[in-house]
1. Using a cut-off of 15 Å between beta-carbons, work out the net charge of the residues near residue 135 (Lys and Arg +1, Asp and Glu -1, residue 135 not included).
2. Let me check I've understood the local charge: for residue 231, count other residues with C-beta under 13 angstrom from its C-beta, Lys and Arg +1, Asp and Glu -1. What total comes out?
3. Using Cα springs under 10 Å in a Gaussian network model of the chain, which residue among 178, 262, 192 shows the largest mean-square fluctuation?
4. In square nanometres, what is one fourth of the surface area of the convex hull spanned by the alpha carbons of the chain?
5. Tell me the net charge near residue 113. Cut-off is 11 Å between Cβ atoms, residue 113 excluded, with +1 for each Lys or Arg and -1 for each Asp or Glu.
6. In µm²/s, what is D for the stretch 98-232 at 37 °C and 0.692 mPa s, where D = kT/(6 pi eta Rh) by Stokes-Einstein and Rh is the Kirkwood radius from Cα pairs?
7. For the chain, what does the helix formula give at 222 nm: sum of -39500 (n - 2.57) over DSSP H segments with n ≥ 4, over the residue count, nearest 500 deg cm²/dmol?
8. Among the lysines, which have Cα under 22 Å from the Cα of residue 42 when same-chain residues fewer than 8 positions away are ignored?
Amino acid sequence: MMTRSQKQRSKSLKPEPTGQERNLTLNEVRKFRNMIYRYYRKHRRNLPWRLTSDPYHILVSEIMLQQTQVQRVMGKYEPFIRKFPGFHSLASAPLRLILKEWQGLGYNRRALALKRIAQKVMKEFRGNLPASVETLMIFPGIGRATASSIAAFAFHEPTVFIETNIRRVFIHSFFHDKSNIKDTEILPLVEKTLDTSSPREWYYALMDYGAMIKNEYENPNRRSAHYQKQSPFQGSDRQVRGMILKVLTRESYLSEREIMRKLQMGSEILRGNVMQLQKEGFIKRERKKFTIA
């Protein structure tokens, strides 16, 4: 938790809004870094994926952390790594087994993407994850931000990227009383303040400071131009598809009628979601029955 003096120092970094790109002086950069590192030295989070430089382990953690809270990932990361300790084991594992281990994290497309990433790494890169951001972006489920974070955490590359906690820090610190803030306004500040000698630790420090801000202040990310409230999960098609996958990881080769009975679900709701799961490559149909692909 921040002391009153720490909060005052944090607020003192906020300039009045000008509507133009903020040019920081070297002294402002130094003060900002010192503030972030000072907090980090006292309050750093001991997260298991921070204890390794193994590119595979870091890839798994970054995919898990997409749109998912740290506490949920904490309970899944190490069991997943034990079950699939490297690219070879993940690439060769049945999707049914991967989805079973993934249960509880949601957004099952990420599990499918991880398997496909592992297969591509084994087939095209001799089992070694590439360090280049541009190359990482050709993998399924990896956009520029995730590619940049992997490059920073696994390969110590001084990449520039934004994720939710980093966005929160910069809006809180440099965009006082301004709304509709675009990431294109924030990225130059991320680049200007980046500790290029230690990008991995710097981004960890930023993320921990951002997590603190969420608890101590009204969420600054509400003032981001990219802020969106997450749509309700309960009753959504995403929930239905998750339920279908869950039942098919337990029992292979179920007919549409059998799935309907087990989930107590009408055919109209079920059919569209089954078709979507087939299209995405999660399930396949064999002799009028469905199974994990």
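Values quoted throughout were computed directly from the atomic coordinates according to the rules given, and no laboratory measurement underlies them. Predicted, not measured: the structure shown is a model, and the values here were computed from it. Note that each Cβ is placed from the backbone with ideal geometry, even for glycine, and that neighbours are counted across all protein chains shown.
1. Numbers: positive: 120, 123, 126, 144; negative: 124, 134, 157.
After counting each charged neighbour, the total is +1.
2. Details: positive: 229, 238; negative: 237.
Net local charge, residue 231 excluded: +1.
3. The residue that fluctuates most here is 262.
4. On the way: hull surface 67.7 nm².
For the chain, the mean projected area of the Cα convex hull comes to 16.9 nm².
5. On the way: positive: 109, 110, 115, 116, 120; negative: 280.
Net charge in that neighbourhood comes out at +4.
6. On the way: Rh = 16.6 Å.
Translational diffusion coefficient: 198 µm²/s.
7. Details: 15 runs with 174 residues, N = 293.
Per the formula, -18500 deg cm²/dmol.
8. 7, 11, 31, 214
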